[in-house]
Amino acid sequence: MVTPFMKAELTAAVTSLGYTEGNKYFKDQYCLEALKDLIRYLRRDDDTIGIRRELGQMKLVQTNLIPILCEYHSDEALFDVALRLLVNLTNPTLLLFNEEMPTDKVERNYYLQHVGHLQSYKPVLASDKFWMVLTDKLKLLLVKEPEDRMEDDKLLTERILILIRNILDIPVTPEDEKRTDDDASVHDQVLWSMHLSGMEDVIIYLASNENERHFCMHVMEIISLMLREQNPASLAQTAAQRSVAEKQKDTEELVAMVQKESSEREARYKKMTASRSSIFRGTFCVKDVKSITDKDLIVHRTLTDGKPIDFHQNKTGKRKAKNRMPLPSCNVTRKSTLSIRLMLKEFCLQMLNGAYNSLMHIVKDCLVRLKTQDHDETYYLWAVKFFMEFNRNCGKFRVELVSETMSIGLFHYIQNQVQTYSESITVDKKKAALWSRRLNVALCAYQELLMTLNAMDKYGSESIRNSSRVLKSNVFYVPEYREMCLVLLLNYKENQHSLTYLKDLVETNHIFLKLFEQFAKGNRHLVVQNKSKVPQKRKKSKPKKKKSEEEETPTPIFDEIAVEISSALQEKPSLTDDVVPFDAASDLPIDDQRVIAMGKIVKLLKESKSHLAVALLRACRDVWPEGEVFGAPEVGPEDELLLLRELYHTELPHVAGEEPNAESEEEDADNKETAEEEEEMSTVRRSEKELQFEEFIRRFAHKNVVKSYCHLLRSYSTNTTLTNHCVIKILHRIAYDCKMPAMLFQLSIFKTFHKIMDDPRAKTETTVKELYKFAIYIMRKFAETAQVNPKIFVELLFWKTAREAAEIEVGYGNVQDPSSRFGWSEEEEDELQRLHQEFRDVQEGEGDVVDRIMANLINQTRSRRVIIKKMKEMGLIMDAKSLAKTKRSSKIRPSKEWTEHEVEELRRIFPEVRESSDPLGMIIDRLPVRRAKNRVREKIVELGLVEDVKELRKKRPGKSAGSKESNRDESDSEDGRAEPREGPAAGLGDSESDESEESDEGESDNEPVSKTKELKTRHRPKQYGFALKKSDYFSPEMLAAPLRQLVSDGRKEGLAWLVECLSETLEDREDGEGDEEAIPIVPLTDISNDAMEDHTFLKFIAKLGLAPPASEQEQFWRIPSTLTSADLRSRIDFLKGATDSVSDGDAMDDLAGPVETIANTNSSRSSSSAKRVADDPIPLGSQKRRRIINSESSNSESEEPPPEKLQDVEQQKVEAVVDAETPSTAASTTSRKRFAIVDSSESE
């Protein structure tokens, strides 16, 4: 803000510059000092640009600066200071506000005020004398050889070029000037003054001279600002006299305006004469429109008034937010007067013939090497568009004049710029308008490249046509070039892109499709590059070798380097620049740096740099004399040697904030690269495929593309003939070629069609007539569809995709999703949901949930991408990132050779299970090392345990009426009725059991375990003394000694807590809850926590069959689902009998009774008759997840079991432990479980 004191200072400085008498300006004696003061004041200007605005109100430029430059241009010191001040005052307003249009009301007023001051400068700056002075100064400077120029000469040349740029950049306002075409505007007056002074010749010289390449960007900006109002096509066709084509075009425009006016007058006349008389006024009822009552609406209107009823006349329009308002167009193209156009045409011809290729090469090199300022590439892209279009329309097309910008490299550069600008519009929303204009410039350059390719196809030279064919093959081959227009159409938004941009985009897409169609017709088999995303597996990080392993030579021993250290102590070595005792700029305190200095000394000793270590030791002694840590000031060489020995063998602590060494930095870089590799889970794979033009056109059948084209169709009356033709061509391709007219069944499009049908020009103008015919075609298609689909009238309210448009015509639900080869039936959806519920909590095995589902789906043709998409549609997952991948488990195969222990176990187990229903399966489960069936069968035959292999087959009671069947019937009907089956096998019939046995019997013995079975098996880690398997059975003999140890250690309360957990789980299993999942046991009291921290207690419960945490994701031990109700009951009775019989004095003696009783019960399993049972299908997905939580008052509130329950253990006999094979309902696989069936009838 300018204070009154500052305003007085500015007024005094301006007054001290000089005065004007007549046509002569006289400077003051303090003119130079006053100019310097004004420059200093401008340096202190704030964000409100108050000083600039104040100087603008004083008209400093008009009354003082321009006269000083014109009258005293020979005074070099005064001219230089005045030029500096003028350059500062004419800087563009947008640069002063950091390229952002101010949104604040006050700042916006400041902005507009400064723009007004600049526009008031421009008429004065169009002085011929002023431009003569600038031209003469430039000529004098450029005449000198580059090596003879001083630094001040270069600065003065650059200031003059910047001033020319600032003058031409002053915004024009055709509305304020109120000038028509063929009239000289203020900008044209400036250009004419430049022409009279010869400034354009100087600019051509700077553009063509290789020695002046450091001014190339200034020249490019000046040229673009000179020609910014000109249309290159019309400028190229300018002649001294009006051509016949130009006269004809003006005549046609005039005739069209007259016809439009006459047709409108005729329509009004017919409307007035359509009724019998204008005196018939009255009251009318409007059908199908209700009033505030239930009766029809009453209207008072004259019959001659043919306007429709509008209910929105008195309504206020709904205001749009600023960020949703359409972006205004910034097209300032106009037709200058003939003399200006002839002058500019001659300038462009000289530019093309002598300077275009060299200038564009230099500018492109500066852009690639980043020697320019930000966003200077827009001037380069503008020059590509303007001069190449000028070359096409100047009469004779010459490719050699624009050869520098006609290459595949320029296509790549423009495509990168388009992608950058498009992304910046979304990211930098505050400057979205600026990025949109830059995107429009890049798109126009791309359009001109395509137009030049089209012109090269019609060139007379065969070599030029071949070059065009090569360029087109590269453009159509690469997907980024081929799909650029499609991507821009899909991303078009009205509030981010202007209507001018949409017109250029539609015309660019039209010429691209035209070239592509011609190229495809000439090549029967068009092979293009295809880009697709491929999921990438995570790379396993290789273990890094330790530093000690990488070092070829070991660390030297101190005695080996003691001789070298002694010789260094006798000398006076000096430190190098890279070895210092401390860092003064570091944030670490001085004491911490002392420890770092000790580490440096030790490191130098280990690297055998004894002289540097000694020098650093003595330097540290001078820095840290307190405490004599590095020795006394007058220490001798012998003491220094002892001190170095002590330091060498001392383990120094790590200091927080210590700078990492090169090795740690390298490790951090490796870890960062590994993390980045893991984050990139998908890579782009490029392949080749044959592409048909019709297939490419179908990609434009998208609702966003249709919406963009229909938005441009609304302004058909103001569009050019080419724009309307491009719009109607792509809509015709979608509706007729792709056979999707239903995509155009939209209410806004029908409103535009209604305007076209009512337009009087529909019968005279060719363009509107073409639109009229297309509208009639779409309306007829709509009428045909409405006869078979009455819901089409509701569909008018929505934009439709290709699938929805097809469903409108052929019926809803009859069109499959084009993204997948076939749809999903209800049975397949149910199967997918069941498999997801089954495998979502599985942590072990290879792959994730989708991999397991793919392995178990009935339809194996589904891809991973299709399955993930369907799971997201069904709401099973949120996104693909939620599929956490588990660690891959590795299986260790047993050795082929049998150990002696395995052979002894096989000889011991075989007689016990020989008469069971599945002897081979039970042997495999009870062997210490699990082996394949064929290996076990071969070993049994080799040992001579059986004579015939058939004896090892499963016994199927359903196939014969032998003794096994009768025994089973007798045991089942011993009490006069069949006992219900226990466990999951209770609901499975004999037929299902037989089917499962037959399927298992039919399996090959050499076949490995299926993938599904591996995934279902929960592999517990090998800990607490042995590897846990679900085939482990309860052995009291093995648990007797550990139980005595626990009781003697005072773990009786922990055992009581364990009994309570097992009892609650048993109740849930008997109630049918929690059969399919493991139940965690959560210690909450001090007693239970102490027990779970005791290794002996954990080893004991592991032998009981409880499962430790399977992975890092689990925290608590679990009661596995493989323990049946009978297994849990036997363990509960064993623990209760042991803990209840133990007293404080005779704990060891009283424990023997229960253990022996349960041992007898366990030994009776092998001698009792085997009973074959089948499992019920395990429910998929747990319905209830229950935790066993122990309260602090559990021991006091728990009821003591009755005495009868303590005696059940002695009376029960386990009949058999058998294998039951359960058919998986989701994947048709089998899983083996062991159940202990307690036969209470024998005990009675």
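Listing for the model above:
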{"quantity": "Surface accessible to a 1.4 Å probe, Arg398 within the full protein complex, Å²", "calculated": "90"}
{"quantity": "Amide H contacts under 5 Å for Ala355, placed H, 5+ residues apart", "calculated": "none"}
{"quantity": "Placed amide H near Gly18: partners under 5 Å, 5+ positions off or other chain", "calculated": "Asp28"}
{"quantity": "Ordering of 686-692, 433-439 by burial proxy (mean other Cβ atoms within 10 Å per residue, highest first)", "calculated": "433-439, 686-692"}
{"quantity": "HN-Hα J in Hz across the stretch 798-804 - Karplus 6.51, -1.76, 1.60, θ = phi - 60°, x for Gly and Pro", "calculated": "10, 7, 10, 7, 5, 5, 5"}
{"quantity": "Rounded to whole Hz, the Karplus (6.51, -1.76, 1.60) HN-Hα couplings of the stretch 67-75, x for glycine and proline", "calculated": "x, 5, 5, 7, 8, 10, 6, 6, 7"}
{"quantity": "For Ser574, solvent-accessible area (1.4 Å; no DNA, RNA or ligand), Å²", "calculated": "90"}
{"quantity": "Per DSSP, loop trypsin sites (Lys or Arg not before Pro) in the stretch 694-770 with at most 13 further Cβ within 10 Å", "calculated": "Lys739"}
{"quantity": "Residue-by-residue Karplus 3J(HN,Hα) for the stretch 1084-1101, coefficients 6.51, -1.76, 1.60, Hz, glycine and proline x", "calculated": "10, 8, 5, 5, 5, 5, 4, 5, 6, 9, 8, 5, 5, 5, 5, 5, 5, 5"}
{"quantity": "Sequence of Tyr205, Tyr41 when ordered by accessible area, the most exposed leading, probe 1.4 angstrom", "calculated": "Tyr205, Tyr41"}
{"quantity": "Solvent-accessible surface (1.4 angstrom probe) belonging to Arg179, in square angstrom, nearest 10", "calculated": "90"}
{"quantity": "5 angstrom amide H check on Asn530, placed H, neighbours 5+ away", "calculated": "Ser687, Glu688, Lys689"}
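The values are calculated or read from the model by the stated rules, or taken from the named source; none is laboratory data. The structure displayed is predicted, hence computed values, not measured ones. Counting neighbours? That spans all protein chains shown, and the Cβs are built from the backbone with ideal geometry, glycine included. Heads up: the accessible areas ignore ligands, DNA and RNA and are worked out on the full protein's heavy atoms, side chains in. Shrake-Rupley method; radii C 1.70, N 1.55, O 1.52, S 1.80 Å.
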